[in-house]
Structure formats: C-alpha cells, structure tokens
Amino acid sequence: MKTWQRYTNYLFWFGPFLLAMGLTVGGVSGTWGILPFALILGGIVIVLAWLAIQSNELRNVWSDRSAQDGTNAVIATLAVLIIVVLINLLADRYNTSVDLTENQIFTLSPQTREVVEGLQEPVEVYLFDPLPNPRDEELLNDYEELNPDNFTYRYIDPQAEPGVTQQFGVRRLGEVYVEQGEQRQLVQTVSPDLRLTEPRLTNALVQLTSDRQITIYFVQGHGERLLQEGEGGLAEAVQNLQNENLVVEPLNLANSPEVPEDADVVVLAGPQRPLLDEELTALETYMQGESGLLLLLDPLNEPELDEFLADWGVEVSDRVLFEPAAGNDGIITFITQYGQHPITQELLNGISFYPLSRPLQLTETDEVQALPLLVTSAQTQAREIGDDGTLLPPGDNDPEGNFVLGAVLSRPAEVEDAPDTTEEAPDAEATTGDAEEETSEAEENPETPAETSEADAETPEATALPPEARMVVIGNSSFITDGIISQQLNRDVFLNAINWLSQDETASLAIRAAEPTNRRILLSPIQQIGLAIAAMGLLPALGLGLAIASWWRRR
C-alpha cells in the first residue's frame, strides 16, 4: 500500500464528524441554512472520496464472509433506527393516548366536560407553586382545551409575586384556588404525594359557579341510615353531596309539624319502623307543592307507606330479588338496563348494584307520570321471605323476568292562585283599540312582531318549566352506604337522582370522575426487613449456587 493511501484511512473519520456537526447545528437551531448544509455536504464529499480511494481494498474486504455479515448487521441496525425515528415522528404529529387505568383517571369524565363547556364567565385557576408539576399541567391543559375562552390557569411563585400571594391569603406552598369575578374557592393543597385531581377541581368549579343553595333533608327517627360513619352509615354519601355544594341536614318529623320550607329534597333512606300519622301528613302536604322525595325501601321493613305510595301508583313487593347466576347467594342485584330519563341517560350499559332489594309495581294514576328507572335482567327471580327473615327456596309460583327496582314519578305541583287583578285590568274597549293599533303598526312594519316574539321567547318565563312534585322510589338503601356508594355507578345514580329531584336546571346529571384507587402495599417493619434480605441476600446466593453447580457438573 502506498504511503499516501495509508493516511487516507484517517481522512474517513472527518466525514462522519462533519455530518454529525451539520445535523446537530440544524436540529438545535431549528433553521437549515448555509452552514448546516455546508457541513453535511463536506462530510458526504469526504466519505465518497475515501470510498473511491479505498475501492480496491474494499473490494477485497467485501469478498470476506465476515465483512458481509458485519455489513448486513449494520444495515439491519440502521433500518431499525430509521423505523424507530419515523414512528416517533408520526406519534408526535398524530398524538393519541389510551387510558388503561382502572378508573379512567386520565380521561375527563362527562360531568367535567359538561361543567367546563358550560362556563359562561371566565374562570382562572391559581397554583401557588414555583415548580409546575407535569401531571398537574396535563390535567389543566385538558380542562383548558374544553373551553379556552373561559378557563385558564397560571402558576404563581409566592416569592416572586408576594402581592398575589397575600391577596389570596395563601398559608402554605401548593395551595390551588379557582377564581371567577370576585369569588374564590380553595380546591386543595398539592404536594409530592398528593397531586391535583379531577374530582376536586370539578367540584370546586361547581361550587363556585352555582348561584342556588340546595338543601337536602334526611329523615331520622325510624331506624333510617345514619349520616355518620359506621356500618351501614351514609358518611360518604353526605360528603359527595357536600362536594357538589349541597347542604345536608337531619330531619325529625316527630318534632316538626311540617317539612321545612327550605327543603329542596327529602330523603327517607331505609326506615325500619312505621312513620307516625302526623309525619305522613307532613310528607303528603310537602308533596302537594314543588318538592322532591327520595324513598329507599329495604326488604323485611314495613314503614307503612302503602297508602301514600298508592296515590302515586306504586306498590312495593314483599319479595326479594334473587340473581341465580350471581355470587353472594344471589342477593346482589346487578343493573345494566336503565330507563330513558335524565337521571340515567349518561349511564348507558354501566353497572350499578343493589344488595338485598325488593321489586316495585307501577300502575297508571291520574296526573302522575311514572317511568321505570332501574330494570333487572330477564333471569331475575322474586323469592319469598320466611317468618324468620331467611330467603325461602325457589317455588313454582316465584315470578321471573325483568323487574322494576327503581322508578321515577312526577305530577304537577299545586300552586297558589294568582291574585285577582280585575280591578286594575284596562277597559275592554280600550284594549281592543290598542290591539287594532298594534295590528296596523305590524302591517306597516312586519319586522316588529317577529323581533318582539323572539325576544319574548328568550325570557326565562317563556322557557321555565312548570313546578312539579317529583319522587324517586328504589327498593334498596344499602347501595349508598359507606364502601358501596363509591363502587361502579352507584354514586352517579344517587347524585343524579338528588339533582333531578331538586329541580335545579343547572345541576349536573352526568357520570362523575372517579378518585384514583390506592394500590400501595403497606408492609410492616418485619416484612420490609424480610423483603430486603430476600432481594439482596437470598436471590443472589441462589444465583451463585446455581452457577457453581453448573460449573461443577461440566468439570
């Protein structure tokens, strides 16, 4: 080999070096000007020149089988790298994501979409944290995309902006607020272990934008479900109501001659003893006007509401629903069929379940509109209960098929007569004359009546729904108890029923966001020590022993 050809081997390395420089300059700067192209072109020229000089030697090397195999490996590696780069470029341009979490915590719930898209005035979220968290930002960006005109957010560094921090009264780092006009609402305090969650942010928006205070009364005194924590308690149900800016109060009708005037909804959850005559009278009087009543009736209890429910065309059966194909002795009724009603229109074919339930029977009644809300499967049976409270074996007379577990009912509310205004009414002849003048003006200017009627149609009086007496009856109360209400769609059935009964047209009747399920494993100190010994001692020792045994056998 000639001396000058030997030095050309070192020339080759300048080619890839210049190519790398050109690609780096163009990629970092984002502009592919003269300099990047010059470096890339120089690198290509050097590589081609080297190949031309070394053509004879390369021809000899290429004839070697090992060189061919190595070249094939290099080409295959480059092909894989090119495919990976192209996949990443396509993924960056056509960005999609799939939420595989159990509770869909990375997908905005229908309620959140409904609330954010319905914002009529600007809302801004303030996060008092100097270091934005990527997970929080991703959640807030999803909110902002739903309504960019009325939803924005910003991070505040308390040290850089002490005035804003003092204005909000921030006490600790990580506090999150929502603001609309002059109203503010604390959402939560984020930390490395507790990030911003969709349920809390959406609930804060609901509380901030609500202009009506709704009060829910839970009747007590007859063995109903207690509002505090405990077995069969309603602490979680109460908390969910309060999260939606609803006021929850107990109500003892024995101490009150009538239902309080501020009661938007009255809940009778699992009474075990009959109501007094005075209490039934109070409920009947309440249900004559604009009202909402939620009745949750369990088997084995007789609250003696037959006459009260008969006026609404409802009869509660003494039998118990039984699912032959379900576990837990078949006493848990799973519902996947829902009536066409605002309470359940967003539930589709989702699951809600009701342990130990009783079916309902609906009959036509004057002025009452009744609709099945929860319907069982065709395989459901209605079993009888023995005197000792146990479920009797299946009999030939036990009905089977689609039963109504929950029903929704409404009828026009009785309203006070309007005051007599005959004395103030204008003279009939004058009214006729005015009408003729308006008619002649309308003929001269045909646009005037259309504009007037359109304006009238937009007034609240023209679009307001007439007041109703509303009732929801469900043959089960345990589906809203602690530990069960948060499962599947039980919470949505309960909260949607409450919101519909309140007759608040702005209330959300959609599926709510689920809280992330805690999957952390809690180990005792002894378990932690045992796990550390197994990971750092036993497993390495086992691997070493297997290696020694293999070496000894080969020896």
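What the table below lists for this structure:
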item	result
Subset of region 316-362 (residues that are closer than 27 Å to Gln503 by Cα and out of contact with any strand residue (DSSP E or B) (no Cβ under 7 Å at 6 or more places or on another chain))	Thr336, Gln340, Pro342, Gln345, Glu346, Leu348, Asn349, Gly350
Qualifying residue in region 452-460 (condition: assigned to a loop (DSSP other than H, G, I, E, B), at pLDDT 90 or above and not aromatic (Phe, Trp, Tyr))	no
Per-region count, region 140-171, residues under 29 Å from the mean Cα position of the chain (by Cα) and free of Cβ contacts under 8 Å to residues at least 24 places away in the same chain	4
Selection status of Leu356, over 21 Å from the mean Cα position of the chain (by Cα), at pLDDT 90 or above and of a type in the set (A, V, I, L, M, F, W, C)	no
Subset of region 1-16 (residues that are modelled with pLDDT of 75 or more and surrounded by 14 or more Cβ atoms within 10 Å (Cβ to Cβ))	Phe14, Gly15
Every residue from region 351-375 that is of a type outside the set (Asp, Glu) and over 19 Å from Leu321 (Cβ atoms)	Thr363, Thr365, Val368, Gln369, Ala370, Leu371
Pairs, first on the phi < 0 side of the Ramachandran plot in region 516-535, second assigned to a helix (DSSP H, G or I) and modelled with pLDDT under 85, C-beta under 7 Å, six or more apart	Leu523/Leu531
Restricting region 383-402 to residues that are assigned to a strand (DSSP E or B) and hydrophobic (A, V, I, L, M, F, W, C), the residue that is modelled with the highest pLDDT	Ile385
Residue among Leu371, Leu405 that alone is in a strand (DSSP E or B), touching a residue at least 60 places away in the same chain (Cβ under 8 Å) and under 27 Å from Gln488 (Cβ atoms)	Leu405
Hits in region 165-188 (condition: surrounded by 12 or more Cβ atoms within 10 Å (Cβ to Cβ) and either aliphatic (A, V, I, L, M) or closer than 9 Å to Phe128 by Cβ (or both))	Thr165, Phe168, Val170, Leu173, Gly174, Glu175, Val176, Tyr177, Val178, Leu186, Val187
Inter-residue pairs, beta-carbon under 6 Å, first closer than 22 Å to Leu495 by Cβ and in region 260-288, second of a type in the set (S, T, N, Q) and part of a loop (DSSP other than H, G, I, E, B), 6+ apart	Asp264/Ser502; Val265/Ser502; Ala269/Ser477; Gly270/Ser477
Single unsatisfied condition, Phe218 versus (1) surrounded by 19 or more Cβ atoms within 10 Å (Cβ to Cβ); (2) under 20 Å from the mean Cα position of the chain (by Cα)	(2)
Hits in region 109-118 (condition: surrounded by fewer than 18 Cβ atoms within 10 Å (Cβ to Cβ) and either at pLDDT 90 or above or outside any helix (DSSP H, G or I) (or both))	Gly118
Hey, Glu231 among the acidic types (Asp, Glu), at pLDDT 90 or above, within 33 Å of the chain's Cα centre (by Cα) and surrounded by fewer than 21 Cβ atoms within 10 Å (Cβ to Cβ) or not	no
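Rundown of residues vs (1) part of a loop (DSSP other than H, G, I, E, B); (2) touching a residue at least 40 places away in the same chain (Cβ under 8 Å), yes/no style:
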residue: Glu304; (1), (2): yes, no
residue: Leu309; (1), (2): no, yes
residue: Glu315; (1), (2): no, yes
residue: Asp318; (1), (2): yes, yes
residue: Thr333; (1), (2): no, yes
residue: Thr344; (1), (2): yes, yes
residue: Asp366; (1), (2): yes, no
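The values are calculated or read from the model by the stated rules, or taken from the named source; none is laboratory data. Being a predicted model, the structure only gives us computed values, none of them experimental. Backbone-built Cβ (ideal geometry, glycine too); neighbour counts: all protein chains shown.
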